[in-house]
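To keep things clear, I will list the structure first and then write my remarks on it.
The values are calculated or read from the model by the stated rules, or taken from the named source; none is laboratory data. Nothing here was measured: the structure is a model prediction, and the numbers come from that model. Neighbour counts are summed over all protein chains in view; Cβ atoms, including those assigned to glycine, are modelled from backbone coordinates with ideal geometry.
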Amino acid sequence: MSKTLLEAHDLHLSFRGVKALVGVSFSVSEGDLFAVIGPNGAGKTSLLNVLSGLYRPQQGRVVFLGEDLAGQSPQQRVRKGLGRTFQNLELFRGMTVLDNVKLGAELAVGGYTDLVPKAQIEWKIRHHAEEVLDYLHLSPYRHVPAGALPYGLQKRVEVARALAGRPKLLLLDEPMAGLSLEEKQDLARFLLDARREWGVTLVLVEHDLRAVLELSTGVLVMSYGEVLYQGAPAGVRENPRVAEAYLGRSA
Amino acid sequence: MYRLSQTLTDAFSRRFSRTVREDYRQDEAYASTPQGRFWLAVAIVGVLALPLLLPPYPLFVTTQILIAALAGLGLHLLVGGAGQISLGQAAFVGVGAYVSSHLTGDLAPLGILAGGLVAALIGIVLGIPSLRIKGVYLAIATLAFQLLADYVFKRWTGFTGGVAGRTLPAEATFLGLPLADDRVVFYLGLAFAIPMFFYAKRLLSTRAGRAWFAVRDNDLSAQLSGVDLVRSKLTAFALSAFYGGIAGGILMHLIGAVTPENFVLAFSIQYLAIVIVGGAGTVLGAVLGALFIVLIPEILSVMAGAFGPQYVAQLSAWRSVAFGVLILLFLILEPRGLVGLWGRIRDYFRTWPLPY
């Protein structure tokens, strides 16, 4: 049994009357590829936002590496190794691909806004960034402004930026939404490789049920903020509550 | 014939184009080619030799360009770098000028430095609203600061000399050289400006610069890439004010006096114009922008003078109009600013005899 990396205990989050999360609990072990699925409005993105510290839950705790994250800012959480990508691209559009990835790589090399530039650290960052670019086949685009790339590549740059920081756990919000089949396959392969190579644990929010069931080691199914199912991917299709949420009630 | 043209093209591209960069180190260097290094050296030597070549008035204008470039560069770090707008740059120039007016003579460099540091401290304070407000609202907050500073400059007579301002004693010397001599002031300014230009360039291409660009492009995402927003914004404000303050100290020595009308809102807008006309993204932009903004009015007034002395008064009004029209045309025809234009000219000459 590998050790538990991330735990959520009884998370509650509501916006005025709308209950986004109702007592969500789960845990992710080291090396997992944990998928969160559910219909639109199920609270998947809200869950990620709570985990990465953008929303503050009204109740419940998030424990990462055995430490309660309550009260920690998003950037503190990122620096502890809790990476994040977004559903709608949130790249630095005016910066080159290389600079985007370098910015991510600084997390792995350490330190920040340094008013005394140090060549040694810069080389380290550069090499680190180039390694990730190479890995995700982005090297030819390194000097292109990120905003000028096609959508599929931008998605890949976002994953590259997050991976360059060598997170222990990476929260991916619908990385495959809007991609073509080939791009999906590429990205899935990159993610699996990253998991194997760098030991990154992945938490994936996804709509594509088939991709999820093929890739993941554990699944959390949500609907209207509640957990419908948690367990092995094989059990998802058999679960009556999931079938009801996804396919509608049978007559 | 085809062979000949190919050989020629090859020879030219080897000579004039950027050579293929073979490793990351070359890719990140300032001037990656021998030609680049050569022209950089020529430019620096040329600037150093300027006082020996230029008559007094053109040298005065050149020093003004230097000062405007420095203040503009500071604003550029803030506006083009961190994406925070400020209408208060002239106030920082003023702070630097007033502080350095109290510490001059042999201590002039120290006074200028002190002016920069005091401006930086005030810059941090001004940066605090930027943590909560953005865009136009921030512009209004900095506008309020500009107007407040203007008021303080006029009223705090003990420190600033009020509306009359403070005058540098005519006999003041720096290490035996008279500070009333523009050549001395030019070299004094250059001693600050050259390191500061290189520092800014380095800063923008390393981690501090990346953090600023990240804040500019997408602050949510910057946060989730581990950028400390507070620190990033405040350092941008502090540095921008520091550059302004240093520029102010040099300006004080150039004019030989400080009066509040050198630091009014119009100058803040002029510095913003330098950033915009110069083109966002590079240090070169600030220099070219300053060149344009300071030099064009001078050229226009020389042109007005050429028609004969009796027209000068009439034409001086048209001078401002022509200046405004030029800026407008610029923004419409070359949105990337002078830097973009420069890049196009350079590309043209790089492939000059055989463009394809």
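Is it fair to say A:Ala108 is crowded, with 17+ Cβ neighbours inside 10 Å and either facing chain B (nearest Cβ under 10 Å) or more than 16 Å from the chain's Cα centre (by Cα) (or both)? It would help to see each step written out before you state the result.
Values: crowded, with 17+ Cβ neighbours inside 10 Å: yes; either facing chain B (nearest Cβ under 10 Å) or more than 16 Å from the chain's Cα centre (by Cα) (or both): yes.
In short, yes.
From the list A:Val212, A:Val242, which one is touching an Asp or Glu at 6+ places or on another chain (Cβ under 6 Å), buried (at least 17 other Cβ atoms within 10 Å of the Cβ) and more than 25 Å from A:Gly66 (Cα to Cα)? Steps first, answer last, please.
On the way: A:Val242 fails: touching an Asp or Glu at 6+ places or on another chain (Cβ under 6 Å).
Among A:Val212, A:Val242, only A:Val212 is touching an Asp or Glu at 6+ places or on another chain (Cβ under 6 Å), buried (at least 17 other Cβ atoms within 10 Å of the Cβ) and more than 25 Å from A:Gly66 (Cα to Cα).
Going by what's in this entry, would A:Val109 be described as among the aliphatic types (A, V, I, L, M) and not assigned by TED's automatic domain parsing to the domain that holds A:Lys19?
Working: among the aliphatic types (A, V, I, L, M): yes; not assigned by TED's automatic domain parsing to the domain that holds A:Lys19: yes.
So A:Val109 passes the test.
A:Ala70 is checked against (1) under 24 Å from A:Val22 (Cβ atoms); (2) assigned to a strand (DSSP E or B) and fails just one. What number does that condition carry?
A:Ala70 satisfies all of (1) under 24 Å from A:Val22 (Cβ atoms); (2) assigned to a strand (DSSP E or B) except (2).
Please determine whether any residue of the stretch A:118-128 is in contact with a Leu (Cβ under 8 Å, 6 or more places away or on another chain), of a type outside the set (A, V, I, L, M) and more than 10 Å from chain B (Cβ to nearest Cβ).
The answer is no; no qualifying residue exists.
Restricting to helices (runs of 4 or more DSSP H) lying wholly in the stretch B:205-261: which have 2 or more residues that are at pLDDT 90 or above and more than 10 Å from chain A (Cβ to nearest Cβ)?
Numbers: elements: B:207-217, B:219-223, B:229-255.
Because the criterion is at least 2 residues that are at pLDDT 90 or above and more than 10 Å from chain A (Cβ to nearest Cβ), the helices (runs of 4 or more DSSP H) in the stretch B:205-261 that meet it are B:229-255.
Which members of the stretch A:14-62 meet the condition of being over 20 Å from A:Leu204 (Cβ atoms) and of a type in the set (A, V, I, L, M)?
Start the filter on the stretch A:14-62 by keeping residues that are over 20 Å from A:Leu204 (Cβ atoms), which leaves A:14-19, A:22-23, A:56-61.
Result: A:Val18, A:Val22.
Looking at B:Ala108, is it crowded, with 24+ Cβ neighbours inside 10 Å and either over 16 Å from B:Gln270 (Cβ atoms) or more than 13 Å from the chain's Cα centre (by Cα) (or both)? Working first, answer last.
Details: crowded, with 24+ Cβ neighbours inside 10 Å: yes; either over 16 Å from B:Gln270 (Cβ atoms) or more than 13 Å from the chain's Cα centre (by Cα) (or both): yes.
In short, yes.
Just checking, how many residues over the stretch A:1-25 are part of a strand (DSSP E or B) and out of contact with any helix residue (DSSP H, G or I) (no Cβ under 9 Å at 6 or more places or on another chain)?
Within the stretch A:1-25, the subset part of a strand (DSSP E or B) is A:4-15, A:18-25.
Still in the running and out of contact with any helix residue (DSSP H, G or I) (no Cβ under 9 Å at 6 or more places or on another chain): A:4-5, A:7, A:9-10, A:12, A:14, A:18-19, A:22-23, A:25.
Summing the residues that are part of a strand (DSSP E or B) and out of contact with any helix residue (DSSP H, G or I) (no Cβ under 9 Å at 6 or more places or on another chain) in the stretch A:1-25 gives 12.
Please work out which residue is surrounded by the fewest Cβ atoms within 10 Å (Cβ to Cβ), limiting yourself to the stretch A:129-147 and to residues that are in a helix (DSSP H, G or I) and within 11 Å of chain B (Cβ to nearest Cβ). Lay out the reasoning, then the answer.
Filtering the stretch A:129-147 for residues in a helix (DSSP H, G or I) gives A:129-135, A:139-141, A:146-147.
Filter once more, keeping what is within 11 Å of chain B (Cβ to nearest Cβ): A:129-130, A:146-147.
On the way: A:Ala129: 28, A:Glu130: 19, A:Ala146: 24, A:Gly147: 13.
Among them, the one singled out is A:Gly147.
Is at least one residue of the stretch A:39-60 closer than 18 Å to A:Gly199 by Cβ and surrounded by 15 or more Cβ atoms within 10 Å (Cβ to Cβ)?
no
Spot the failing condition for B:Phe38; the list is (1) over 23 Å from B:Phe292 (Cα atoms); (2) in contact (Cβ under 8 Å) with a residue 24 or more places away in the chain; (3) aromatic (Phe, Trp, Tyr), and only one is missed.
The one condition B:Phe38 does not meet is (2).
Within the stretch B:233-244, can one find any residue that is more than 16 Å from the chain's Cα centre (by Cα) and free of Cβ contacts under 8 Å to residues at least 60 places away in the same chain?
First, the residues of the stretch B:233-244 that are more than 16 Å from the chain's Cα centre (by Cα): B:233-235.
Add one more test, that the residue is free of Cβ contacts under 8 Å to residues at least 60 places away in the same chain, and what stays is B:235.
Yes, that holds for at least one residue.
Can you tell me which condition B:Ala200 does not meet? The list is (1) touching a Leu at 6+ places or on another chain (Cβ under 8 Å); (2) more than 10 Å from every other protein chain (Cβ to nearest Cβ); (3) in a loop (DSSP other than H, G, I, E, B), and all the others hold.
(3) is the only condition that B:Ala200 fails.
Report, by residue number, each residue of the stretch B:50-75 that is closer than 14 Å to B:Gly289 by Cα and in contact with a Ser or Thr (Cβ under 8 Å, 6 or more places away or on another chain).
Those that are closer than 14 Å to B:Gly289 by Cα and in contact with a Ser or Thr (Cβ under 8 Å, 6 or more places away or on another chain): B:Gly74, B:Leu75.
Among the candidates A:Leu115, A:Leu91, A:Leu54, which residue alone is in contact with a Pro (Cβ under 7 Å, 6 or more places away or on another chain), outside any helix (DSSP H, G or I) and either facing chain B (nearest Cβ under 9 Å) or modelled with pLDDT of 85 or more (or both)?
None of the others qualify; the one that does is A:Leu54.
In the stretch B:214-255, what count of residues is obtained for those that are out of contact with any Gly (no Cβ under 6 Å at 6 or more places or on another chain), polar (S, T, N, Q) and more than 26 Å from B:Val93 (Cβ to Cβ)?
Residues in the stretch B:214-255 being out of contact with any Gly (no Cβ under 6 Å at 6 or more places or on another chain), polar (S, T, N, Q) and more than 26 Å from B:Val93 (Cβ to Cβ): 3 in total.
Residues of the stretch A:178-219 being within 21 Å of A:Gly104 (Cβ to Cβ) and not in a helix (DSSP H, G or I), which ones?
From the stretch A:178-219, those within 21 Å of A:Gly104 (Cβ to Cβ) are A:179, A:183, A:186-205; that's our starting set.
Selection gives A:Leu179, A:Gly199, A:Val200, A:Thr201, A:Leu202, A:Val203, A:Leu204, A:Val205.
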